[in-house]
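All of the numbers you see were taken from the coordinates with simple rules; none came from a lab. Being a predicted model, the structure only gives us computed values, none of them experimental. Cβ coordinates were reconstructed from backbone atoms using ideal geometry, including for glycine residues, and neighbour counts include every protein chain displayed.
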Amino acid sequence: MWIKKRHPWDLPESEVTDHKTYLNRRKFIEGAIGVAALSVMPFGKINAARGEDFDGLSSSEFSTDERLTSFESITTYNNFYEFGTDKSAPSALAADFPDPAKPWQITVDGECDNPGVFDYQEFIQPYTLEERIYRLRCVEGWSMVIPWVGFQLSEVLKKAQPNSRAKFVEFTTLYDPEQMPGQRRRVLQWPYKEGLRIDEAMHPLTILAVGLYGKMMPGQNGAPIRLVVPWKYGFKSIKSIVRIRFTEKMPLTAWVESAPHEYGFYSNVNPEVNHPRWSQRRERRIGELLKRETLMFNGYGDHVAEMYSGMDLRKYF
Amino acid sequence: MRLEYSKPLVFSLALLPFCWLVYGLLTDQLGANPIETLTRETGLWALRFLLITLCISPLCWLTGMNHWLRFRRMLGLFAFFYACLHMLLYLGLDQFFDVAEIIRDIKERPFITVGFINFLLLLPLALTSSNAMIKRLGGRRWRQLHRLSYLAAATACLHFLMLVKADTRQPIIYIALLAVLLVWRLIHHRRRQSASAS
C-alpha cells in the first residue's frame, strides 16, 4: 500500500488552485469588479449577490419533465423546525443562514477506511454538479416539483471507502441554537438525524443538493448542503448536513424517536399505508386545486422497488 | 355608545376574519397552499368563537351586568358559521365530496373522527338557537341541551391537539383557556348552591 507522507511544507490538496479555476481567473476578476460595484449599492442588493447562479449544469436522465413548482412556493413553504414549526418561519428567519463568519465543515466518519473533516468548498469541489428535477412528496399530503442542483451521494460514499460493517448511513444537521432559533425549544431531539440503508444511500437517485433553480441553496431549504431522496417522504431529505457517518446498526432518526408508531425508518412514499393524521392516497401538488393520486415510491418504483422486494412494506413503513 | 348599535358592531367584528380570508384569497396572500391556510384559519376561528361564547356567562358574573347575554347567540352562531366553512372546505376541497372516501377518512383517521363528532355536537345547538325553538323546548330542557357546548369546545380542542405534529404549544393554550372557563363555572355554581343553602 502506498502511503503518502505529508511534509509540513506540502501544500494541502484543498489549497491547490484547480485548472478550471485557474482558467477562470478572468471571470474572477470580472466578478471582483462586480462585487466592488455591489458594495456601494444598497444593502439588499448585496444579499441578492449571495444567490449566485451555477452555470453549465448538466441535465440528468432521472429528471422529470413535470411542471416546476414556483421558486416562490419552494422558498416560502418549508418544514424546517430548526427555524420554527410554522411553514413561513424558515423563510422569515433563515435568509442569511448559514452565517458566513462560521465556516461550514462536514465530517465523514464511522465504519469507513477513509474518514475526514472537510470544509464545504473542499467537500463539494471533486464533484460535477448537475440539475435533478425531482418530485418531492411531504408526509403531510402535499407535493412539489423541484429543480435541485447537486451530485450523487454514492460518489461521496465511495471516496470514504465504507468497510464491511457499514450497513447504514446516518446524517446529522447542524446544532447551533444561535443560528437556528427553533432549536432553543425541544420540539424534536436536536440535532436532527436521518438515515438510509447503505444500498439506498448508494442509489443513483439519492443526491446531495447544494442549490435549486440554478441558485445556491437558500437557507430555508437546507443550505449549504442537504440530502434529497425522492422516493421517500420529505422529512428523510435532511437539511444543512454537518456529518455523514457509516454505522452497523440502524440509526435512530429524529421523527422515529419523536413518534415511533407514526414514522418508520424507511418512510417510502406509499399510498397504501396511511399515517394516522394524513391519508397518503392522494396529495395536493402545490399550486394546483385538485388533488392527484399518490404514486408508489412517489413514482420512482421502476428504479427503487427492487431494493424492497420481499419486504412487508406495511411492517417496514 | 348607544345599545342598539352594539349588535351590528359585534356582528361586523365577528365577520372580519371571514372578510380577511376572502381578501387574502383574492389577492393571493394566503401562501403557497391557500386551501390549507383557509382550512386551518376557519377551524381556528370556529374554536375561538366557541371559547368567546363561553366567556359570556363569566363576563356577566364578573361585571354584574347581563347585557352581555344579548351577544351570546350571535357569537355561538358565528362559531357554527366558521365550523361550517371549515367542514365545507374539508368535504369539498380535500375530499371533493367523494362520500366513500369521506366515510373511510372518518373511520381511519382519529383526528377526523373527533372533528366530525365535534360538528355533530354543534349541529343541534345551531338548530335550536331560535326563539321559537327555545319556546318549543322550554327553557330548562333548552339549557340542558346547550350544555353540549362545553363538550363541543372540548372536542374542538382535542381535534386541534391531535392534528399537531410536534409543537403542541398552540392547542395547549386553547385547552388551558377552556379549562379556566369550565372551572370558573364549577366554582360559581358551587358558591351559588352554598349561598342558597344557608
* Please average, across the residues of A:83-91, the number of beta carbons from any other chain that are within 10 Å of each residue's own beta carbon, and give a whole number. => 2
* To do: Please list, in chain and number order, the residues 5+ apart from residue A:167 or on another chain whose amide H is under 5 Å from its amide H, with Hs placed from the backbone.
  => A:247, A:248
* Hey, rough spin-label estimate for residue A:102 and residue B:191, points 7 angstrom out along Cα→Cβ, what's it come to in nanometres? -> 5.2
* Structure fact -> Quick shape check on region A:174-317: root eigenvalues a ≥ b ≥ c of the Cα gyration tensor, a/c under 1.5 is rounded, otherwise prolate if a/b tops b/c, else oblate, and it reads rounded
* Amide H to amide H under 5 Å from residue A:225: which residues, 5+ apart in sequence or cross-chain, H placed 1.01 Å off N in plane? -> A:240, A:241
* Structure fact -> Residue by residue through region A:244-252, the couplings from Karplus 6.51 cos²θ - 1.76 cosθ + 1.60 with θ = phi - 60°, in Hz, x for Gly and Pro, are 10, 10, 7, 10, 8, 9, 4, x, 8
* Order these peptides, B:152-164, B:12-24, by their mean beta-carbon neighbour count within 10 angstrom, highest first. => B:152-164, B:12-24
* Can you give the charge dipole size of the protein assembly as shown about its Cα centre, rounded to the nearest 20 debye, using +1 on the beta carbon of Lys and Arg and -1 on the beta carbon of Asp and Glu? -> 3340
* **Distance between modelled label sites at residue B:15 and residue A:158, nm, 7 Å Cα→Cβ extension** => 6.8
* Enter the angle in degrees (range 0 to 90, nearest 10) between the Cα long axis of helix B:148-163 and the first principal axis of the Cα atoms of chain B, meaning the one along which they spread out most. => 30
* Asked: Once label points are set 7 Å from the Cα along Cα→Cβ at both residue B:168 and residue B:59, what is their separation, rounded to one decimal in nm?
  -> 3.1
* Expressed as a whole number of Å, what is the distance separating the alpha-carbon centroids of region B:19-98 and region A:88-119? -> 43
* **Gyration tensor (alpha-carbon) shape descriptor, region B:3-197, a/c threshold 1.5** => prolate
* Asked: Which of the residue pairs A:87/B:165; A:236/B:165; A:159/A:249; A:87/A:239; A:167/A:193; A:215/A:236 have a Cα-Cα distance greater than 19 Å in the structure shown?
  -> A:159/A:249; A:215/A:236
* Once you sort the root eigenvalues of the Cα gyration tensor of region A:98-245 as a ≥ b ≥ c, which label holds: rounded (a/c under 1.5), prolate (a/b larger than b/c) or oblate (the other case)? -> rounded
* Signed unit charges on C-beta, dipole axis of the protein assembly as shown, positive-most listed residue A:174, A:147, B:130 -> B:130
